[in-house]
1. Give just the number: which of (1) exposed (fewer than 15 other Cβ atoms within 10 Å of the Cβ); (2) out of contact with any Ser or Thr (no Cβ under 9 Å at 6 or more places or on another chain) does Pro282 not satisfy?
2. Report, ordered by the first and then the second residue, all pairs with beta carbons closer than 6 Å, sequence separation of six or more or different chains, a first member in segment 441-454 that is modelled with pLDDT under 85, and a second member that is not acidic (Asp, Glu).
3. Could you tell me whether segment 375-386 includes any residue that is within 28 Å of Ala233 (Cβ to Cβ) and surrounded by 15 or more Cβ atoms within 10 Å (Cβ to Cβ)?
4. Taking Ala383 as the residue in question, decide whether it is modelled with pLDDT of 95 or more, of a type in the set (Gly, Ala, Ser) and under 22 Å from Pro178 (Cβ atoms).
5. Only one of these is in the same structural domain as Ser305 (by TED's automatic domain parsing) and small (Gly, Ala, Ser): Gly173, Gly258, Gly223, Gly206. Name it.
6. State whether the residues of segment 229-240 include one that is within 30 Å of Asp308 (Cα to Cα) and surrounded by fewer than 20 Cβ atoms within 10 Å (Cβ to Cβ).
7. Out of curiosity, is Lys404 basic (Lys, Arg), touching a Gly at 6+ places or on another chain (Cβ under 9 Å) and free of Cβ contacts under 8 Å to residues at least 24 places away in the same chain?
8. Please list, ordered by first then second residue, the pairs with beta carbon atoms under 7 Å, 6 or more apart or interchain, first in segment 366-382 and in a loop (DSSP other than H, G, I, E, B), second at pLDDT 80 or above.
Amino acid sequence: MWATRRRTIIVLVVIAFFALFFVLPYWLLHQEVPSCVDNKQNQAEEGVDCGGPCANLCKGAAKDINVLWTKVFAVRPGSYDIVSYNENPNFDVGAPSITYTARLYDASGAVIAEREGSTFAASNERFAIFEGGMLTGDKVPTGGSIEITPGYQWVTVDRQQKLFSVTDKVLVGSDKKPKLTALLHNEIPEIVRDIDVMAIIYDSKGEAVGVSDTKIERLDGNGNENIFFTWPAPFNYVAETEKCETPVDVILGLDRSGSMREENKLEQAKQAAMQFVERLTPGDQGAYLSFATEASRPIDQTLTSEVDRLKRAIARTEIGSDGIQYTNIGASINGAVNEFASLRRNADARPVMVLLTDGAPTRPIDPSNQHKDYPEEYTRLAAENAKKEEINIYTIGLGSDVNKKLLQEIATSPEYYYQAASGGELGAIYQQIASAICKKGPSVIEIIPRVNNVTPAPKAR
């Protein structure tokens, strides 16, 4: 029994030795190395160098890219942007390189501008193709297309991890010169380079009203980058169909310095302000404060939903008779900040201040008497503090003696500054601001960061 078992063990050892030192080397020496570039259909490929062990998919094995929409945007006369929004409907399948041709057409269908480009398609993603600044001379396009060149190569890819997140999206000036800011975050610990970032703005009906793009050369691992997009003209959307997205708490700041007595400016400003508060809707609140050498303290009317109380407070405003009445813009902003910090504020409402002045700040005086520009510095600091509290500031300059640059600086954005040559223009300006505050405007902001890391997934041999 033991002799038989020992002979069996010896035979197995001999077979293992022979297989290890003779059979395996022979098999490795004569084994065909898998290849997906030999122009042959072999090694279980489904076609020539495609399918099976190859990352390249055979023709017809993946669905084509869907073009969801294409739109042309006017930048300025003779210059146009065109964008197409596309979808790769395939899971775990991407295209590392796609070429396309962008064309603009006139009313007769003739091509008036053409440009070629290239992009990529990651697995199961929606992406935009953008060609900006296409020149047409004196011709006006009535349509356009972005045609993807057939025959691009699909490859199998690993399921890709999320690379980026976008937060803090803020759009201002949509009815003037739109500006969009956001924060891009790298979700992985490695450096990412050559990032294309596109922004698409939609109205409430889902129609794209603005598209822009930018590039980031490098984003550190788990790092952040502020991104900016601008447009030279207002977005084209129908404001009359929009409704207020959120309620507002708005504080009117009105200059009652001595110069407001001239040309009946104060009375015209009061009438325009009263018309403004009449446009407040249910759910909104308003407050009112006037200012000269100092701002009213307590303010003339605290936050309230009662329009009549606001109108009475505005109507009572008079220019002081106790000496020269100077201009302290900073004090009015500080007064608004304090009122927004009170329990009267609606936490769900957007805080807004509308400030009107006919002059440059001349108060307060620097306690050390060292800085003649102290009133301006004081005003800027007050505005900075208000913006930190996310208070939106609109400014109105009345007449020719205002410091336009300063009023643009303290406004939330330069587009939030309005100039009135005379008191007679204030009514229309207040109406514009009321529409801008209430109007919902573009309702969806889509920011698409992309980097071409579409690489074939390794295949099991």
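1. Only one criterion is unmet by Pro282, namely (2).
2. Gly441/Ser174; Pro442/Ser174; Pro442/Ile201; Pro442/Val209; Pro442/Phe235; Ser443/Ser204; Val444/Tyr202
3. There is at least one residue in segment 375-386 that is within 28 Å of Ala233 (Cβ to Cβ) and surrounded by 15 or more Cβ atoms within 10 Å (Cβ to Cβ).
4. yes
5. Criteria check complete, one pass: Gly258.
6. Checked segment 229-240: at least one residue is within 30 Å of Asp308 (Cα to Cα) and surrounded by fewer than 20 Cβ atoms within 10 Å (Cβ to Cβ).
7. Criteria met by Lys404.
8. Listed by first residue and then by second, the contacts come to Asp366/Tyr374; His371/Glu377.
The values are calculated or read from the model by the stated rules, or taken from the named source; none is laboratory data. Remember, it's a predicted structure, so these values are computed and weren't measured experimentally. Neighbour counts are summed over all protein chains in view; Cβ atoms, including those assigned to glycine, are modelled from backbone coordinates with ideal geometry.
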